[in-house]
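Q: Before I ask anything, let me first share the structure, which is written out below as structure tokens.
Values quoted throughout were computed directly from the atomic coordinates according to the rules given, and no laboratory measurement underlies them. Values in this document were obtained by computation on a predicted structure and should not be read as measured data. As a convention, Cβ positions derive from the backbone with ideal geometry for all residues, glycine included, and neighbour counts pool all protein chains shown.
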Amino acid sequence: MTNERTAIVTGAGTGVGKAVATALLGQGWNTVFCGRRLGVLEKAIADAGSSEGKALAVACDVSSESQVDELFETVDKAFGRVDLLFNNAGMGYKSTPIDEIPVDVWNDVVGVNMTGSFLCARAAFRAMRNQAPMGGRIINNGSVSAYAPRPGSVPYTMTKHAITGLTKTLALDGRPFDIACGQIDIGNALTDMASAMTVGVPQANGSIAPEAVMDVQRVADAVLHMASLPLDANVLFMTVMATKMPYVGRG
């Protein structure tokens, strides 16, 4: 029996995923950096530097059932168990009215954000239910879009609302198996994907305006806190956002 803890982070090559995977590795977790591009994952591990935890890069398209199953088989062979899944991989689309959104774009966003989250949670739940000692934690990356949409964001907003349903159901269904599930809802963490916030993005009143952002490390710190709890405690929902972003109130 080992006291080592193993985490899987999807979308770990860049942005929020890279920050969280790096933070977990730095805290001694064996950390699986998962994403579509192996070279980007390997660079993320190199950027993380040395740590007590072991890092493993695994290329995986989370929208593919067979690739997700192969991911978890690889992790089982490497580390023997899964203690944490950070269900982070996601994609969006430019601000567009619904009647101008190609169906292919809809299918792509659903494939990653919703089907990918389902497949990874499914595989993690199976592993956590059957390993000894039983149990583990799943943290889903929601968004403030799981509560309030941005203009022209139908595919992204719909899928993030769905993540909330996944979180609540897993939190319920995981109880008999010591599987805790929570969700982190992020607002304006400064990553390459969110860099447009500092220049100007569409607002509800039709204007284009820059928005406040926060260091992505704040997100990593929050996920570390959620992951550090014993399995008899759970942060069901946590919102981490730039203090001055237009979200609460009227803007």
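Q: Search the structure for amide H atoms under 5 Å from the amide H of residue 31, placed 1.01 Å from N in the peptide plane, and list their residues when 5 or more places away or on another chain.
A: 7, 54, 55, 56
Q: Ranked highest first by the average count of other Cβ atoms within 10 Å around their residues, in what order do 217-223, 135-141 fall?
A: Highest to lowest by the protection proxy: 135-141, 217-223.
Q: Quick one: pull the percentage of alpha-carbon pairs in the chain with a separation above 22 Å.
A: 52
Q: Next up: Please order 181, 34 by the number of other Cβ within 10 Å, starting at the fewest.
A: 181, 34
Q: Can you give me the Rg/Rh ratio for region 1-84, using Cα atoms for both radii and the Kirkwood formula for Rh?
A: 0.94
Q: Cut-off is 10 Å between beta-carbons; in what order do 156, 247 appear when sorted fewest neighbours first? Before the final figure, lay out each step's value.
A: Working: 156 20, 247 17.
Ascending number of Cβ neighbours within 10 Å: 247, 156.
Q: Next up: Taking amide hydrogens as modeled 1.01 Å from N in the peptide plane, which residues meet the under 5 Å criterion relative to residue 179, leaving out close sequence neighbours?
A: 136
Q: Just for the chain, what percent of DSSP beta bridges are antiparallel, to the closest 5? Kindly include the intermediate steps, with their values, before the conclusion.
A: Numbers: 2 of 32 bridges.
About 5 percent, rounded to the nearest 5.
Q: Further question on the same structure: Taking square-rooted eigenvalues a ≥ b ≥ c of the alpha carbon gyration tensor, is region 121-238 rounded, prolate or oblate, where a/c under 1.5 means rounded and, failing that, a/b exceeding b/c means prolate?
A: prolate
Q: Enumerate the calculated ³J(HN,Hα) couplings along region 9-25 in order (Karplus 6.51 cos²θ - 1.76 cosθ + 1.60, θ = phi - 60°), each rounded to whole Hz, writing x wherever the residue is Gly or Pro.
A: Taking θ as phi minus 60°, the curve returns 10, 8, x, 8, x, 9, x, 4, x, 5, 4, 5, 4, 5, 5, 4, 4 Hz for region 9-25.
Q: How large is the helix-only mean residue ellipticity at 222 nm for the chain, computed as the sum of -39500 (n - 2.57) over DSSP H runs with n ≥ 4, divided by its residue count, in deg cm²/dmol to the nearest 500?
A: Calculated mean residue ellipticity at 222 nm is -11500 deg cm²/dmol.
Q: Taking amide hydrogens as modeled 1.01 Å from N in the peptide plane, which residues meet the under 5 Å criterion relative to residue 153, leaving out close sequence neighbours?
A: It is 96, by chain and number.
Q: Suppose R0 equals 25 Å. What FRET efficiency, 1/(1 + (r/R0)^6) with r the Cβ-Cβ distance, do residue 245 and residue 27 give to the nearest 0.05?
A: So, using R0 = 25 Å, E works out to roughly 0.35.
Q: Which value in nm describes the separation of the simple spin-label points at residue 37 and residue 173, placed 7 Å from the Cα toward the beta carbon?
A: Simple spin-label model gives 3.3 nm for this pair.
Q: Moving on. Given the Cα-Cα distance of residue 134 and residue 221 and 0.36 nm per residue of separation, how much length would full extension add, in nm? Could you put the intermediate results ahead of the total?
A: Details: separation 87, 0.36 × 87 = 31.32 nm, distance 2.60 nm.
So the extension gain works out to 28.7 nm.
Q: Take every DSSP beta bridge whose two residues both sit in region 151-251, then give the antiparallel share in percent to the nearest 5.
A: Here the antiparallel bridges make up roughly 20 percent for region 151-251.
Q: Related question: Which of the GluC sites (Glu not before Pro) found in region 1-90 are in a DSSP loop and have at most 12 neighbouring Cβ atoms, other than their own, within 10 Å?
A: 52
Q: Further question on the same structure: Would you list 232, 178 from fewest to most Cβ contacts within 10 Å? Write out the running numbers ahead of the final one.
A: Working: 232 8, 178 15.
With the fewest neighbours first, 232, 178 line up as 232, 178.
Q: What net charge do the residues around residue 54 carry, taking every other residue with its C-beta under 15 Å from that of residue 54, with Lys and Arg at +1 and Asp and Glu at -1?
A: That sum, taken over residues with Cβ under 15 Å, equals -2.
Q: Another question, if that's okay. In region 1-101, which trypsin sites (Lys or Arg not before Pro) fall in coil by DSSP and have 11 or fewer other Cβ atoms within 10 Å?
A: On the way: sites: 5, 18, 36, 37, 43, 54, 77, 81, 94; in loops: 5, 36, 37, 54, 81, 94.
Here the sparse-neighbourhood loop sites are 94.
Q: On to the next question. At what distance in nm do the modelled label points of residue 122 and residue 232 sit from each other, each positioned 7 Å from its Cα along Cα→Cβ?
A: 3.4
Q: Give the residue list of chymotrypsin sites (Phe, Trp or Tyr not before Pro) in region 1-99 that are DSSP loop and have at most 16 other beta-carbon atoms within 10 angstrom. Before the final figure, lay out the partial values.
A: Details: sites: 29, 33, 72, 79, 86, 93; in loops: 29, 93.
Those that pass, being in a loop and sparsely packed, are 93.
Q: If the reach is capped at under 29 angstrom between alpha carbons, list the lysines near residue 54, excluding any in the same chain fewer than eight residues apart.
A: Partners found: 18, 43, 77.
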